[in-house]
1. Using the Karplus curve 6.51 cos²θ - 1.76 cosθ + 1.60 with θ = phi - 60°, work out ³J(HN,Hα) for each residue of the range 280-294 in order, rounded to whole Hz, and write x for Gly and Pro.
2. Are there any trypsin sites (Lys or Arg not before Pro) in the range 171-267 that are in a DSSP loop and have at most 11 other Cβ atoms within 10 Å? List them by number.
3. State the answer as a single residue: which of Phe47, Val134, Gly82 lies farthest towards the positive end of the charge dipole of the chain, with beta carbon charges of +1 for Lys and Arg and -1 for Asp and Glu, about the Cα centre.
4. For the range 373-477, what does the alpha-carbon gyration tensor say about shape, rounded, prolate or oblate, given a ≥ b ≥ c as the root eigenvalues, a/c under 1.5 as rounded, and a/b over b/c as prolate?
5. How big is the antiparallel share of DSSP beta bridges in the chain, given as a percent to the nearest 5?
6. Once you put a point 7 Å from the Cα of Glu388 and another 7 Å from the Cα of Asp465, both along the Cβ direction, what distance in nm separates them?
7. Any chance you could look up the accessible area of Ser377 with a 1.4 Å probe, heavy atoms only, rounded to 10 Å²?
8. If one computes P(r) from the Cα atoms of the range 191-288, what percent of pairs lie at distances over 15 Å?
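The values are calculated or read from the model by the stated rules, or taken from the named source; none is laboratory data. This is a predicted model, so every value here is computed, not measured. Backbone-built Cβ (ideal geometry, glycine too); neighbour counts: all protein chains shown. For the accessible areas, the whole protein counts, side chains as well, though only heavy atoms, and no ligand, DNA or RNA atoms are used. Shrake-Rupley method; radii C 1.70, N 1.55, O 1.52, S 1.80 Å.
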Amino acid sequence: MGIVTEHVDVLVDALIVGAGPTGLALGIDLARRGVDALVVEKADALFPGSRGKGIQPRTMEVFDDLGVIDAILAQGGTYPTGAIWQDGRKVGEHRMFEPSETDPDTPYGTPWMVPQWRTQEILFARLTELGGTVAFGREVTGFTQDETGVTVGFASGTAVRARYLVAADGGRSLVRRTLGIGMTGETVDPNPMLVADVRISGLDRDSVHVFPPHGDVGFLAVFPLAGTEDFQVVAQFPEGTAIDLSLDGIRETVAVRTHLAPEDVTELRWASDFRPRAALADRFRAGRVFLAGDAAHVHSPAGGQGLNTSVQDAYNLGWKLGAVLRDGAPESLLDTYEEERLPNAADMLGISTQVHRGEVQRGKATHQLGLGYRSRSLAVDTRTDLPEDTLRAGDRAPDRTIDGVRLFDTFRGPHWTLLALDTKPPTAVGHAVRVVEGPAVETYGTGLFLVRPDGYVGWAGTTEDGLAEYADRYGLR
């Protein structure tokens, strides 16, 4: 599994490889739990591009809990309507998403646009605020693991010893390849794509500008990046094309496909090319090593599922590592990471591919609010004969206001929450549990609902029978 130096210069609870959205979100979650974690990044700085710019409503809820929602809201914006161009004139409109609205259950009802580089800056600032660390310019060369930990070697000749290793190092993950874990997938589209951050004159910032394909020329879209002066250019090319990523090359692409002149592209800030594909790792865990984000699943960018699924990998794994490392939960709890996230990622990969092919519209299916973990081992519901639309163990715990208290404000933080709705709570639940009493409310109804730190109902019942056993199993008492 790789050759590493015998000299170990750092000892940590968790080593996270990769300072993208996945690694930074996991670092934040572990830092607020008092877990000694180190994020290492091969590059000398944070990723500079806008690639993953769409933040889905469920991820907005995650960012609320992680303490970055105010910055995300302040530095982003909504997606504007698409303006369809032909022969230098706007000839129609295109809605990027199905209409949706907020409601008492869902405070964030529509996707929010934030360039990926800015999202990472916000997450990095929060991690630093919590005392977390990112070590840049640290290239992993190999690792070994044993019964008590993982030793990771770096190109510098140093090594880090960690109790657990998390690979958040992207679709070409060195960690995954070293483990020998395969990825199963398909090419979603053989046509290569260009994505670039540029400055453009001659286009308004009130629309996503869409230039449909014509003849042998593929489509081109220009997104005004919320909170910046930049635009993101996305363009499709014929199969086999070697895309020119230089400023002159992008100027030529824009001039050929739009009414703009080459000099209207005034600045190139970042550019990349890719071929849309969908792939899923065969496993998300091997011993003390976990795969998260693009290291575990690679999406077509259509539908904005990649970054969001990745952040939620981190959100699922973070509380479980914290429970094992700090709260005395059994190590077997970590098995539920793959159990819950692998099928979830598989579902989202399917949706990404369907959106890319025009089979599913962006909207409710892509908001990720309906994802959950029913029928998984952590979901225990002692109630019987429930109607299909009843909130159950494994479901996302929706927001509501009870006696003037907003539930999401109560959920915020690394603790569990017990909702006792028109039901007497037990006298003792556990040191890591916050109890909220109140009347029955719509969506929840009556009963006891033990909400996990990641905002999903873990246990539900009409009485406390079985609750203590569940709490003991996961280190809550």
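1. 10, 5, 5, 9, 10, 8, 9, x, 9, 10, 10, 9, 9, x, 4
2. Sparse-neighbourhood loop trypsin sites (Lys or Arg not before Pro): Arg172.
3. Val134
4. Verdict is rounded for the range 373-477.
5. In the chain, approximately 70 percent of DSSP beta bridges are antiparallel ones.
6. With each label point 7 Å from Cα toward Cβ, the separation is 2.9 nm.
7. So the heavy atoms of Ser377 present about 60 Å² to solvent.
8. 63 percent
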